[in-house]
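Contents: one structure, followed by commentary.
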Amino acid sequence: MKTFEDWATRRTLLCPSILSADLSDLSNSVAALNDNYDMLHCDVMDGSFVPLITFGSQMVKQLSGKIDKPLDVHLMVQNPEEQVRSFAEAGVCSLVFHREASFHPQRLLNEIRSLGCYAGVSLNPATPLEDVKYLLPDMDMLLLMTVNPGFGGQAYLSQMTDKIRSARAMIDDSGYQVRLQVDGGISRDNLADVLRAGADMVVSGSAIFNAADPGLEAQAFQSDMRELDRELKRV
Ligand code: DX5
Ligand code: ZN
């Protein structure tokens, strides 16, 4: 795992999703971001938990060897317990699995931490927050899907803003340091809404990689985030 000091700060982190990059020319697609991001979000899909298949730990390991930034891996797979070790060995920084795909999430969170990665759980839009409430002591991150998982380029589900707000309150009340990530349909148009609701890690795929200049778009995201961090007193 690459060391990542900023995880423990209150600063909002930008995680561009390579799902919307040119996967056949990934090095150049990522280079086009000009380092204007914090972590690279890697969507692993197995054709079962979600319809499509993307890539596995071997590709992620090769990517990890080529870029300096930490990798944030989002496992959209059945039986995630069978895969966490190979991703940890690939050098990723954070590993997130879906609550809906795990019978023993607490055990899996502890295993991910013992493998040296930040451990996270993701919830589909319809899955209640109550399903992770008793996991908070074992988590480093909660990922709220703000679209139904499986595809880039979908519209943000506006009813998720309330869920983000409730998740932030639940985390703050617990006293545990758990980052709150949002994923799906996030652009600079709704960035302020999700940050003000309490998100502190933002995934964005199509809004960044489909922009005319992905590096400039990522830079604009980061500058909007710094302004919102000041407004929200996260600096
Ligand atoms: C969707 C993935 C997302 C996706 C987001 O299932 O988990 O990470 O890449 O893409 P946008 O930002 O285009 O909604
Ligand atoms: Zn994702």
Worksheet entry | Fraction of the pair-distance distribution of the stretch 117-168 above 13 Å, Cα-Cα pairs, percent | 59 percent
Worksheet item: Nearest 0.05, what FRET efficiency do R107 and S27 give at R0 = 35 Å with Cβ-Cβ as r?
Response: 0.45
Worksheet item: Within the stretch 153-235, which chymotrypsin sites (Phe, Trp or Tyr not before Pro) sit in a loop by DSSP and count at most 14 neighbouring Cβ atoms inside 10 Å?
Response: Y176
Worksheet item: Thinking of the stretch 101-235 as a set of Cα atoms, what percent of all their pairs are more than 25 Å apart?
Response: 28 percent
Worksheet entry | Eligible lysines near K61 by straight Cα distance, threshold 26 Å, same-chain separation 8 or greater | K2, K69
Fill in: Charge dipole (the stretch 45-153, unit charges on Cβ, about Cα centre) - positive-most of T127, L144, F87
F87
Discussion item. Tell me the relative contact order for the chain as a rounded percent, counting alpha carbon contacts under 8 Å between residues six or more apart.
Written reply: 22 percent
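Taking 0.36 nm per residue of separation and subtracting the Cα-Cα distance, what length does fully extending L216 through R230 add? Numbers along the way, then the final one.
Values: separation 14, 0.36 × 14 = 5.04 nm, distance 2.13 nm.
Extra length from L216 to R230 when fully extended: 2.9 nm.
Classify the chain as rounded, prolate or oblate, taking a ≥ b ≥ c as the square roots of the eigenvalues of its Cα gyration tensor: rounded when a/c is under 1.5, otherwise prolate if a/b is larger than b/c and oblate if not. Write out the running numbers ahead of the final one.
Values: a/c = 1.34, a/b = 1.03, b/c = 1.30.
Note, shape of the chain comes out rounded.
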Worksheet item: Alpha carbon centre of the stretch 57-105 versus the stretch 163-235: separation in Å?
Response: 22 Å
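Rule-based calculations on the coordinates, nothing more; no lab input. Quick caveat: nothing in here was measured; it's all calculated off a predicted structure. Every residue, glycine as well, gets a Cβ built from its backbone with ideal geometry; the counts of neighbours run over all protein chains shown.
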